[in-house]
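The block underneath contains the structure these notes are about, expressed in structure tokens.
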Amino acid sequence: MSRKLFGTDGVRGRANDDPMTAEAALRLGQAAGRFFTTGGHAHRVVIGKDTRRSGYMLETAMIAGFTSVGMDVFLVGPIPTPAVGFLTRSMRADLGVMISASHNPYQDNGIKFFGPDGFKLSDAAEEEIEALLEQPPALAAPERIGRATRIEDGRGRYMEFAKTTFPRGLRLDGLKVVIDCANGAAYRTAPEVLWELGAEVVKVGVAPNGFNINDGCGSTDTTAAAAAVVSQGADVGICLDGDADRVLILDETGAVADGDQFMALIADRWAAEGRLARGTLVASVMSNLGLERHLTGQGLRLLRAPVGDRYVVEAMRDGGYNLGGEQSGHIVMTDYVTTGDGLIAALQFLSAMVESGKRASEIARVFEPYPQVLRNVRYRKGAAPLDQARVREAIAEGEARIAGRGRLVIRKSGTEPLVRIMGECEDPALLDDVLGHIEAEVAAFA
């Protein structure tokens with residue numbers, strides 16, 4: 001059975017368009033509730049959200065769906081995605097739900113599920129939930145209808161946990177830190193944790209109004225944070241996305257260090273400390289070839305997984321690895337968390353600054369990246385450009401032309417009608433020519 005509703009990171013779409021309608025959310029809650037309602041214990045679901053206006057609508061609909069099939073709902077309000085995974089496991093819930101479209105604009109929203117172990121659901125589990133949507137809901141008897149309870153200290157519980165991942169005995173005294181929360185889920189959590197650890201905090205993107213999430217701020221647009229770093233004379237900048245499961249680091253000049261540089265830094269440090277499980281870092285196929293060459297030079301290994309932090313995590317769990325992530329800034333450290341966590345990852349970077357006594361710029365560029373180009377080509381609804389012979393031929397020709405000098409990764413987006421064309425090559429001019437030919441063939445289906 002193939003999934004039609006779930007993408008690479010839950011269900012996502014434009015708010016008030018199928019499948020992001022109140023009706024669809026109610027039915028999804030009923031189906032997921034039925035899937036997780038097994039055994040005689042009281043069944044619980046934790047629901048968090050980011051700051052999008054449509055979150056109210058979807059949250060209310062999912063409450064109705066879950067309670068109608070007999071599940072009790074715990075509402076934790078605006079909170080980072082990784083906090084939902086943490087609280088689901090901490091509160092012994094059967095299921096966790098995060099209502100968020102991550103780094104997308106406010107017009108979009110999404111629904112992500114976590115299992116009782118705090119990890120995102122497998123493809124197989126999502127397929128079973130989809131199958132249940134085709135069946136009538138298993139409505140509870142009147143005396144078994146669930147109830148909804150707002151948990152007021154969910155944010156505080158997560159904050160206390162986040163601080164335990166920062167080395168005991170270290171403080172951030174003397175560091176001026178710019179934190180850009182993208183007007184999203186971490187707008188209170190992240191600045192407070194940094195302040196409590198001793199940093200002087202400069203806040204950006206902490207005034208959500210329901211419509212400004214990821215708008216000219218956060219990890220998708222670091223301009224404002226970079227300007228603040230320079231104008232305030234800050235030591236480092238931290239840019240989260242709307243649900244705070246990814247992070248980009250800015251050094252004291254405002255320059256960006258992406259997830260690949262971040263992972264290289266942590267992998268090197270953990271390997272030196274004997275903490276890097278099996279000497280392996282797990283990253284997606286999008287991570288730069290320079291990262292792979294750097295790790296090989298250190299006697300370490302890069303294991304590549306499909307795009308999507310959940311697939312990185314699955315590879316980590318299957319192989320017993322404890323560090324992984326994506327170039328986009330998802331950093332997963334399963335010694336601490338079950339999914340990408342921008343705040344906890346940032347604390348690892350800050351601890352490296354404090355322990356080494358070095359500036360952010362001195363530790364944020366670990367390797368020289370290969371020239372890498374990513375182009376997104378939108379296609380019309382119903383088209384399948386990657387299934388077309390002319391597109392496949394263009395890709396095969398491009399791979400032959402750069403063989404031995406680089407690589408191509410061509411894939412369909414799991415959340416939007418886009419083909420993502422990524423290429424790396426020692427020869428930038430050759431790469432540009434190869435990508436241009438593929439882009440033109442895909443664009444014929446726009």
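The values are calculated or read from the model by the stated rules, or taken from the named source; none is laboratory data. Because the structure is predicted, anything quoted here is derived from the model rather than measured. As a convention, Cβ positions derive from the backbone with ideal geometry for all residues, glycine included, and neighbour counts pool all protein chains shown. These accessible areas exclude ligands, DNA and RNA; they are computed on the full protein's heavy atoms, side chains included. Shrake-Rupley method; radii C 1.70, N 1.55, O 1.52, S 1.80 Å.
Put simply, the amide H of residue 108, placed in the peptide plane, has neighbours under 5 Å in 15, leaving out anything fewer than 5 places away on its chain. Proximity of backbone amide H atoms, modeled 1.01 Å from N, is registered between residue 140 and 69, 70 at under 5 Å, excluding neighbours fewer than 5 places apart on the same chain.
Ratio of alpha-carbon Rg to the 2.2 N^0.38 Å globular estimate for the range 380-424, to two decimals, please.
Working: Rg = 11.7 Å, N = 45, 2.2 N^0.38 = 9.3 Å.
It is 1.25.
Using only Cα atoms, what Kirkwood radius does the range 16-95 have, in angstroms?
Details: mean 1/r = 0.0783 Å⁻¹.
After inverting the mean inverse Cα-Cα distance, the result is 12.8 Å.
What are the residues whose amide H is under 5 Å from the amide H of residue 198, where those residues sit 5 or more places off or on another chain and H is modelled from the backbone? The list, which skips near neighbours in sequence, is 172. Here the extension length gained between residue 373 and residue 149 equals 75.9 nm, from 0.36 nm per residue of separation less the Cα-Cα distance. Quick one: Kirkwood hydrodynamic radius for the range 306-434, alpha-carbon pairs, angstrom, one decimal? Hydrodynamic radius (Kirkwood, Cα pairs) of the range 306-434 is 17.5 Å.
What longest range of the chain stays clear of loop-exposed GluC sites (Glu not before Pro) (DSSP non-H/G/I/E/B, at most 14 other C-beta within 10 angstrom)?
On the way: sites that count: 134, 152, 273, 426.
Result, exposed sites excluded: 274-425.
Shown in residue order for the range 169-177 are the 3J(HN,Hα) couplings computed by the Karplus curve 6.51 cos²θ - 1.76 cosθ + 1.60 at θ = phi - 60°: x, 8, 9, 9, 4, x, 9, 9, 10 Hz (x for Gly and Pro). The order of 269, 188 by accessible area, most exposed first and with a 1.4 Å probe, is 188, 269. Note on residue 400 and residue 362: the model spin-label points, each 7 Å out from Cα along the C-beta direction, lie 5.1 nm apart.
Evaluate the Kirkwood expression for the hydrodynamic radius of the range 151-195, namely the inverse of the mean inverse distance over all pairs of different C-alpha atoms, and round to one decimal in Å. Mind showing how you got there, number by number?
Numbers: mean 1/r = 0.0850 Å⁻¹.
Kirkwood hydrodynamic radius for the range 151-195: 11.8 Å.
The gain in end-to-end length when the residue 209 to residue 135 segment is fully stretched comes to 22.8 nm, 0.36 nm per residue minus the alpha carbon separation. For the chain, the alpha-carbon radius of gyration amounts to 0.98 times the rule-of-thumb value 2.2 N^0.38 Å expected for a compact globular protein.
Which of 112/163; 163/203; 4/49; 49/163; 112/358; 112/381 have a Cα-Cα distance over 27 Å?
Values: 112/163 25 Å; 163/203 19 Å; 4/49 23 Å; 49/163 22 Å; 112/358 38 Å; 112/381 24 Å.
Cα-Cα > 27 Å for 112/358; rest within.
Computed from the Cβ-Cβ distance with R0 of 41 Å, the FRET efficiency linking residue 293 to residue 393 stands at 0.85. For the chain, the antiparallel share of DSSP beta bridges with both residues in that region comes to about 50%.
If R₀ is 56 angstrom, what is the calculated FRET efficiency for the pair residue 443 and residue 231, using the beta carbon separation as r and rounding to 0.05? Can you show the working numbers first?
Values: r = 40 Å, r/R0 = 0.72.
The computed FRET efficiency comes out at 0.90.
Here the simple spin-label model places points 7 Å from the Cα toward Cβ, and for residue 42 and residue 223 these points are separated by 5.1 nm. Each residue of the range 229-311 gets 117 Å³ once the volume of the Cα convex hull is shared out per residue.
I need the trypsin sites (Lys or Arg not before Pro) found in the range 377-416, filtered to DSSP loop residues with at most 10 other beta carbons within 10 Å of theirs. Walk me through the numbers before you get to the answer.
Values: sites: 378, 380, 381, 390, 392, 401, 405, 407, 411, 412; in loops: 380, 381, 405.
Here the trypsin sites (Lys or Arg not before Pro) that fit, given the DSSP loop and packing criteria, are 380, 381.
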